[in-house]
Structure formats: structure tokens, C-alpha cells
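Participant: Just passing along the structure, written as C-alpha cells.
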Amino acid sequence: MVAQRNIIDQVSGWLTVFDDGFVDRTWTGPPQFKFMSDPVPAHHHFIDGVATNDVLIHADSGLRVRVYLPEAPKTGKLPILIHFHGGGFCISQADWYMYYNIYTRIARESGAIVVSPYLRLAPEHRLPAAIDDGYSTLLWLREVANDKTYDSWLSNKGDFNRVFLIGDSSGGNIVHQVAKRAAVESLYPVRLAGAIPIHPGFVRSVRSKSELEKPQSPMLTLDMLDKFLKMGLPKGSTKDHPITCPMEETVNGLDLPPYLLCVAEDDLVIDTEMEFYEGMKKDGKEIELLVSDGVGHSFYLNKIAIDVDPNTSHQTRKMIQEIARFVISH
């Protein structure tokens, strides 16, 4: 007799958790959006100026990365962007179409190699698992730079003196946590040249004014925010945990790289993101701010909106251009 499996929690469209611990991440929302979460196979040949490859970087843990290589002149080294995907620490993968669509553009426009780890997901792997994976990726890059391991694209073409951290939504939280860890450990000959948190999930237990007043969007609802963080944070933690509420801690004594903080005018969490920005400035850190007007959380990942809405398309293009400028100038 087969035991009955019961649903104990759901995040509409994205995730279902059962009482036996099984987590189903099959997309159950509107079918026209499914393609954005479909995996894109790696292709070693150049398509629209970018080739991709999946690399196993830690045999013991099974940690893999997706690498994007832009077609570039044979001379000169390319900056490296370590990208941490979003998804509230609970969903998405480095090979999803929504990331492929944007990070091929970023690789082309910034002339950078992008390295995106397949992060462990909650609730099976609660934080700090995803942060540990992000930092392990940075340490692997140090091994490549020191010729302790070899990757044909990075070893031959990567500029380890110009390494950037970049991440979307919860991946933006990981950017800040990895940058803090890197500030207290020697990464030589790797140098962190910059950090780019994009719409990071910075919140408090008490709702901010923007959470109460800004419109919810397909990319972020209050229900998604609450449930994903409840599943992702260490057991017993609240949203006031430093991973999700870095506004409450000082970074005054840390040697952090320059930051480009990207926010969206209609993002539910823009108020707490701006608190983080002001706190970084108060602590004397170098931080730039890019505000995308008239759009919400992770708008640039919504391919349908990019195709049908002129402002979403414009703001996406503007954001990618600013990221490229930041990378090229550092």
C-alpha cells in the first residue's frame, strides 16, 4: 500500500512541499511563462557571440557552474563575473532560460566571462548553503588563477585581477555575504574589482512602506517573499537575520570592493534596499546607485514583458549598459 503524500506548503506556480520532505519545483503557473524556467543546454560553439559550458568544480559536493564565454579578440584577458541566481534561495537554476537570455547579453556587452554556480536550494539546503556554494566558486577561481586546477576558457582568457560578484534578487544577498567573507581572507592572485547586487532581497520582520504600497508583480509577491524566506533562512531565524537584514550591521572595518547597487522604482523592497545604500555610504564605502524607473522586481528576467512593453525593454537595455560600464571602468 502506497502512503498518501500530503502538501504542507506551496508557493503559487513555483514550488510545492510535501510532508515526506519531497519538494516539487515543476512550473504550475500560466503555461505561456513556462519557457522562462526551461533549461538551456550548454553549447560550446558561439551562438549570437556567446558560448556556454557546464563545469564540475567540486567532485565531492557535486557543485557545478555554467560558464558564458563571449566571442572576443584573441589578444587581452577578459574580466570575470561570478553570478548568483535568484529565486528566494528556493527555486531556479543557473541554466534557466531567463538567466541565459540576460547573461548572454551581459557577457557580450561587458566583454566578460560569466561563471554562474548551480546553488543548492532550500528547504532541502537552508542558508548558509547557497552562500557557501558562492564562496566555494570564488575559491575555485583562486585555484584556477594559481594553476592548481585548469579550465580552458578561464585559464587562457580570464583576467583574475578583475573579478566581479553579481547576483539577482536573493543572489544579490549572496553577493554581499560573499564580498564580506572575501574581505577577511586572502584571495591572491584573484582581486575582487566590484560587486553588483541587483534588486537584493533586503527586508525586515516588520513590513516596509514600499512592501505595503508598491504593486506586487509576477516576479515578486508578498506571499513569495514570506514563504521563500521562511524556507530559506536557518531554522528559528526571522527576516531580521543579517543575510536578509544587512541594514542593521556596520561594514565600517571591512575592505569591500566598489558596489553598483541596482534597484527598481516599483520594487516591493526598494525602501530597505535604499537603507542599505545609505548605510554603505555612511560607513564610507564606495557605492553607486542605478534606479530603473517604472518597473518592478527582477523586471529584466521577464522576457515576455521585455518583448511587449517598451519601458521594460528600455530599462533592461539601460541596466545592462550600466553594468557593462561599471565592469569596463573597474
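The values are calculated or read from the model by the stated rules, or taken from the named source; none is laboratory data. Only a predicted model underlies this, so the values are computations on that prediction, with no experimental measurement involved. FYI the Cβ positions are ideal-geometry reconstructions off the backbone, even for glycines, and counts take in every protein chain you see. Side chains included, ligands, DNA and RNA excluded: accessible areas come from the protein's heavy atoms. Shrake-Rupley method; radii C 1.70, N 1.55, O 1.52, S 1.80 Å.
Participant: With respect to D38, is the statement that it is open to solvent by 40 Å² or more (accessible area, probe 1.4 Å), under 21 Å from N302 (Cβ atoms) and either touching a Phe, Trp or Tyr at 6+ places or on another chain (Cβ under 9 Å) or at pLDDT 95 or above (or both) true?
Facilitator: yes
Participant: Would you say D159 is among the acidic types (D, E) and not in a strand (DSSP E or B)?
Facilitator: Judged against the criteria, D159 is not a match.
Participant: Shifting gears a bit: Conditions: (1) of a type in the set (A, V, I, L, M, F, W, C); (2) within 21 Å of R181 (Cα to Cα); (3) touching a residue at least 24 places away in the same chain (Cβ under 8 Å). A129 meets all but one. Number of the miss?
Facilitator: Only one criterion in (1) of a type in the set (A, V, I, L, M, F, W, C); (2) within 21 Å of R181 (Cα to Cα); (3) touching a residue at least 24 places away in the same chain (Cβ under 8 Å) is unmet by A129, namely (3).
Participant: Also, I was wondering about something else. Being within 25 Å of D309 (Cα to Cα) and either of a type in the set (S, T, N, Q) or part of a loop (DSSP other than H, G, I, E, B) (or both) narrows it down to one residue among G236, G294, G253; which is it?
Facilitator: None of the others qualify; the one that does is G294.
Participant: Output the qualifying pairs, or none if there are none: Cβ atoms under 6 angstrom, residues six or more apart or on different chains, first residue in the range 12-28 and polar (S, T, N, Q), second residue in a strand (DSSP E or B).
Facilitator: Matching pairs, first to second residue: T16/I7; T16/Q10; T16/D24.
Participant: State whether one or more residues within the range 42-55 are within 30 Å of V144 (Cα to Cα), free of Cβ contacts under 8 Å to residues at least 24 places away in the same chain, open to solvent by 90 Å² or more (accessible area, probe 1.4 Å) and under 20 Å from the mean Cα position of the chain (by Cα).
Facilitator: No - not one qualifying residue is present in the range 42-55.
Participant: Which residues, taken from the range 172-187, are open to solvent by 20 Å² or more (accessible area, probe 1.4 Å) and modelled with pLDDT of 95 or more?
Facilitator: Scanning the range 172-187 gives Q177, K180, R181, A183.
Participant: Could you list, in sequence order, all residues of the range 278-305 that are free of Cβ contacts under 8 Å to residues at least 12 places away in the same chain and either within 22 Å of A107 (Cβ to Cβ) or crowded, with 18+ Cβ neighbours inside 10 Å (or both)?
Facilitator: A305
Participant: Before we move on, is F202 in contact (Cβ under 8 Å) with a residue 12 or more places away in the chain, among the aromatic types (F, W, Y) and part of a loop (DSSP other than H, G, I, E, B)?
Facilitator: Here the answer is yes, as F202 does meet what is asked.
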